[in-house]
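The values are calculated or read from the model by the stated rules, or taken from the named source; none is laboratory data. Since the model is a prediction, treat every value here as computed from it, not as a measurement. Counting neighbours? That spans all protein chains shown, and the Cβs are built from the backbone with ideal geometry, glycine included. Ligands, DNA and RNA are excluded from the accessible area calculation, which covers all protein heavy atoms including side chains. Shrake-Rupley method; radii C 1.70, N 1.55, O 1.52, S 1.80 Å.
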There are 4 protein chains.
Amino acid sequence: MSGNEPRPDTGGPEQPTQAEPRPHTGRRRNEAARQAILDAALRLAGAGDGEPVTIDAIAKAAGVGKQTVYRWWPSKGAVLLDALIDRAGQDVTAAGGGTLREELRSFIATTFDAAQRDSTAAVLRTLLRESARDPHLAELLQRYTATRRTALHELLERGRGRGELAAGADLDLMVDQIYGLFWYRFVLGHGPLDVGVAERLTAALLPSPSTVPVLPA
Amino acid sequence: MSGNEPRPDTGGPEQPTQAEPRPHTGRRRNEAARQAILDAALRLAGAGDGEPVTIDAIAKAAGVGKQTVYRWWPSKGAVLLDALIDRAGQDVTAAGGGTLREELRSFIATTFDAAQRDSTAAVLRTLLRESARDPHLAELLQRYTATRRTALHELLERGRGRGELAAGADLDLMVDQIYGLFWYRFVLGHGPLDVGVAERLTAALLPSPSTVPVLPA
Amino acid sequence: MSGNEPRPDTGGPEQPTQAEPRPHTGRRRNEAARQAILDAALRLAGAGDGEPVTIDAIAKAAGVGKQTVYRWWPSKGAVLLDALIDRAGQDVTAAGGGTLREELRSFIATTFDAAQRDSTAAVLRTLLRESARDPHLAELLQRYTATRRTALHELLERGRGRGELAAGADLDLMVDQIYGLFWYRFVLGHGPLDVGVAERLTAALLPSPSTVPVLPA
Amino acid sequence: MSGNEPRPDTGGPEQPTQAEPRPHTGRRRNEAARQAILDAALRLAGAGDGEPVTIDAIAKAAGVGKQTVYRWWPSKGAVLLDALIDRAGQDVTAAGGGTLREELRSFIATTFDAAQRDSTAAVLRTLLRESARDPHLAELLQRYTATRRTALHELLERGRGRGELAAGADLDLMVDQIYGLFWYRFVLGHGPLDVGVAERLTAALLPSPSTVPVLPA
DNA sequence: CAATAAGCGAGACGGTACGTCGGGTCTTCAG
DNA sequence: CTGAAGACCCGACGTACCGTCTCGCTTATTG
């Protein structure tokens, strides 16, 4: 396949395909090993070739013993999730500072967009796959999605606080409509997840005042 | 997919746990074996004890050779999906004959309800689990969900035809909001899927005319 | 490999590799089917490609249902043995009419020769293979070898009757020395089975009086 | 973690029927597992009940995963052969120190005897069975028989060196007469393999000078 | 001539064993 | 004392044949 470049001190996050020796660090946790594992996990999960992403495969690709993986993560999926958060977690942090409508549309569009990037998409899919088998990962994933829901929920709350949303609006329902549609389309792939959809979804959730006086006077 | 004749004799459709011999049918497919396999699959998947639902287990529980399973279904999940459609598919057939609002609320509530029944829920979860590993099942599952979406889509179309929905309404988006929320909550289990939610979801999608004159004229 | 001898008409003429329809014969045994099965068995066993020679394979190659095989032969090996006897059994019939030494050498040489012919060799090997698994075939094979031993025994007896062998000679032992060496070399293939060996074996068993003093002094 | 009960030297080579846990040895091959596998293989093959001696059965009886068998042996028969050599190989080592006639008779008798012991006979038969299907084992078996032939050949050579055999004697032929008769009778079972036969076979191969005139005057 | 009785091609069936794969635990050994 | 290496036990996988079975057909014999 590809030639083996040295991967000098693992500051470099790129393993070409296989790993080569990395100095032991004695009694303390080897950060380089941790990085190598996360890298390898992302790389394999993101390869998109539908390979099963075995623990053995990750360990081998990272040039690491299986035990070193199990020592620090409880399951394969935990590694993946960790990798995802480490690398791709900050994407949708959705800086505020506009109308609710603008913020929401931006949030949704950014979410859609982040998931479309090939590597992330593959990792997400793999995560879902694995979470089906691994209850532990399922819980981690649930916790992770909870943080995303909370972020969105707070965005909506801020909007409601500014009076841009009816006081009785069911924010949880709105959040789940957004993320539900997102995951549903993401997993099944039967419909687009682009800016247009983000736009229309925003519109559907926040009927424009001119046509639909949802908001109190 | 296939019509189910009642399997008239054999009286009890319940094999307690193990099966008893069943007559050969020569070179024709043995319908009794098919039933036994589907029964066993549902029984095991619905047991809810989180057991992995092996093919060996299904075959053994059905009193059938493994090859007989593989002869007719390409994968474990295909068996489950077939079983699900055969047994539980007709639940949400959404009888018509009311206002769009009533029909929609009923459809959603029925969908939620069907998935809440323990046996169905377990089967659905097992299906998701397996579809993670098995691309073929994933496609089957996708096809199945497509039929459900179509059903819902037609319900909405009829409503629009009766003028109960704006001509420009994005029906696909609405469908995915509904099923998206459903699957999202079903899988993650972070929120309820009860009648109240069905109600509020309906309301969110069909704003009442008094408060929101969405409809023309 | 082996040339295809014509197998002149047989009624059901040439299967090239696969069979074509052959008329049913109603309630009596279909001789054409029998021939087709024996042919197919020999062909497969003699192919030498090391294929396992399945019953299914024989049936398919003969254009015959499995049951038709099982109806007439108790096991795969029985088919092979039957085929072998039918086709190749008469080879070593060892016409008499010389001195014992000449007859014996001829018998041995003919035996060696017959087994060397590629098609026969492969069938024999397959027979041995299968007889290891199939006790029934083992018995058949034993019966068959017994007839060969008897033939050889009678040859020796005739020689002894003519005074060409000591009255106390252990004919059974001699027979087994000959056939033992034959099978041993045939199966393991570590030594030749040619005319020279036949010659030397004969000499070893029938020491010529003139050269008898094998031992020096 | 590692608190396993001692079983300090494994001295007792007999697992009654089922095995008990054995300590891991980390990344080195587990010798205890190897022993357990060989023991189990011999035990099962020697049971004489004609059971097919499955790999699963060996693994289970040895308290070992199937993979551990396949990791070290290419086939079932290789295990058996290994076991045979390990356990029973030294039997016929043919101590020297007599006349050729005595040594040869002893060698043959010992060989016959070893094969008659029930456990060994069953193992041998199983080996033959398996070597029928497994070309790899066939080769191993061939190699093994070659070592036996060599041993016998050397015995004869030593005799010839001492002048007890004619310089032109065809030792290979003699060897194959001996082992040929042995295997022939062993496999077919149509004649005895006892001391008397050993005696007569020796006499046939080494005609005593005094009695040489086999042929009538 | 119809009815009967088999042989026949076909292939599904209940089983058993196969050899492979991946998971998670364990111990050794190099640094 | 860490981390690599990899053997270990386990159990599911999907395949290959086995020998049995029933079907629907064809045809020779019988009544």
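Tabulated data
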item	result
Unmet criterion (only one of (1) more than 9 Å from chain B (Cβ to nearest Cβ); (2) within 17 Å of A:L100 (Cα to Cα)) for A:P207	(1)
Lone qualifier among C:E164, C:E157 - being open to solvent by 70 Å² or more (accessible area, probe 1.4 Å) and not hydroxyl-bearing (S, T, Y)	C:E157
For C:A83: the one exception among (1) modelled with pLDDT of 85 or more; (2) within 18 Å of the chain's Cα centre (by Cα); (3) open to solvent by 30 Å² or more (accessible area, probe 1.4 Å)	(3)
Pairs where the first residue, in region C:136-161, is under 19 Å from C:W73 (Cα atoms) and the second is open to solvent by 60 Å² or more (accessible area, probe 1.4 Å), C-beta under 6 Å, 6+ apart	C:H136/C:P74
Residue satisfying all of: in region C:177-204; more than 7 Å from chain D (Cβ to nearest Cβ), open to solvent by 30 Å² or more (accessible area, probe 1.4 Å) and small (G, A, S); nearest to C:A109 (Cα to Cα) among these	C:G196
Qualifying residue in region D:38-51 (condition: more than 8 Å from DNA strand F (Cβ to nearest atom), touching a Pro at 6+ places or on another chain (Cβ under 9 Å), of a type outside the set (F, W, Y) and under 27 Å from C:D134 (Cα atoms))	yes
Number of the exception - A:D91 against (1) modelled with pLDDT under 85; (2) acidic (D, E); (3) loosely packed, with under 14 Cβ neighbours inside 10 Å	(3)
Flag for B:V64 being modelled with pLDDT of 95 or more, out of contact with any Cys (no Cβ under 9 Å at 6 or more places or on another chain) and in a loop (DSSP other than H, G, I, E, B)	yes
Answer from A:A115, A:A138 - the residue that is modelled with pLDDT under 90 and in contact with a Phe, Trp or Tyr (Cβ under 7 Å, 6 or more places away or on another chain)	A:A115
Residue match in region C:129-137 (condition: at the interface with chain D (Cβ under 8 Å from one of its Cβ atoms), within 13 Å of the chain's Cα centre (by Cα), within 30 Å of D:L140 (Cβ to Cβ) and open to solvent by less than 50 Å² (accessible area, probe 1.4 Å))	no
Test set (1) within 11 Å of chain C (Cβ to nearest Cβ); (2) at pLDDT 85 or above - D:G161 fails condition number	(1)
Any hit, region C:3-12, residues being within 15 Å of DNA strand E (Cβ to nearest atom), at pLDDT 85 or above, surrounded by 11 or more Cβ atoms within 10 Å (Cβ to Cβ) and within 24 Å of C:T120 (Cβ to Cβ)	no
Which listed residue, of C:A57, C:A40, C:A45, C:A61, is surrounded by 15 or more Cβ atoms within 10 Å (Cβ to Cβ) and more than 16 Å from DNA strand E (Cβ to nearest atom)	C:A45
